[in-house]
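> Encoded as structure tokens, here's the structure I'll be asking about.
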């Protein structure tokens, strides 16, 4: 395993981003957007969250630089600022799923047989 002291990770920035991403409704909004730009009404329809809740979380995500709003006529369409975020979230989900499967397998292997 590589030695962690060799990594120059921006710990403070990572912690801030993870704090923002730790709110389940924000993750739901980000994942529902996918690669598309969509108005708040579409995000509401996809997530089942209230308009107030979606607007509140979009503001936080916008201020953090994770989403951007683009005005088109009477609507503001929101999209991921950088679609790499979706890849990272997908990768994290896959990693967590694999870790859970490995943990379950280890647990099953260590159980005494009856």
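Throughout, read-outs are computed from the coordinates displayed, never taken from laboratory work. What you are looking at is a predicted structure, and each value in this text was computed from that prediction instead of being measured.
> In whole percent, what relative contact order does the chain give with Cα contacts below 8 Å and a gap of six or more residues?
So the answer I get is 22 percent.
> Another question, if that's okay. The chain: D in µm²/s via Stokes-Einstein (Kirkwood Rh, Cα pairs, 4 °C, 1.567 mPa s)?
79 µm²/s
> Another question, then. State, to one decimal in nm², a quarter of the convex hull surface area for the C-alpha atoms of region 47-114, i.e. the direction-averaged projected area.
With the hull built on Cα positions only, its mean projection is 7.5 nm².
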